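No value in this document is a laboratory result; all are computed from the given coordinates. This is a predicted model, so every value here is computed, not measured. Please note: Cβ atoms are built from the backbone with ideal geometry, for glycine as well, and neighbour counts cover all protein chains shown.
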Amino acid sequence: MRFHGLGLVCVAALSCSGGVSFAASSAKTVDLTAILAVQIAKAKRSGVRVLIPSRIDAGLPASHLYASGGANAAGYDIQLAAVRDCRDSSACFVAEFWGGAGRLDLDGRVALSKGITGRYRASSCGASCAPATIEWLEFGSRYTIQCIASKGRLVALAGSAIGAGPR
């Protein structure tokens, strides 16, 4: 879900992390490569190397998560949601992963694995919430992950994607 002024409902159960359980007892760490297998295969057609974290703690079991997306004109865009056919609705958004051309847009610098410097923007809430975003440059492309998460959790997700390498 690219945040363009539209709100995102803040739902603690849909927080995500780099595979490390957070405080909610209902948290479920799931294998993203399994859930996103079809979307990863589609994304590979974009010609952009696909970088996806290995696992995510989405607060829901894998059977309650739905994937969509794949290659697009700019690279790839893969979404993870809490309901089928979410279509980036703020009420069912869990996470989103992009790869493609572009430059880093965010201001906050953050150290990532393998000596990569990324950029970060925290979740922001008022009447509604925007997901946290982390982005970095690698393999000549810009990679972006969004979800409602702390800085540490997003850094862990990016580290997982970087460490796993292209899918």
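A few notes on this one:
- For segment 55-156, trypsin sites (Lys or Arg not before Pro) meeting the loop criterion (DSSP other than H, G, I, E, B) and having at most 14 other Cβ atoms within 10 Å: 84, 87, 103.
- Total formal charge among the other residues, if their Cβ is under 13 angstrom from that of residue 48, Lys/Arg +1 and Asp/Glu -1: +4
- Between segment 122-144 and segment 81-104, the alpha-carbon center distance in angstrom: 11
- Within the shell of other residues whose beta carbon sits under 10 angstrom from the beta carbon of residue 75, the net charge comes to +1, with Lys and Arg scored +1 and Asp and Glu -1.
- Rounded if a/c under 1.5, otherwise prolate or oblate - segment 12-164, Cα gyration tensor axes: rounded
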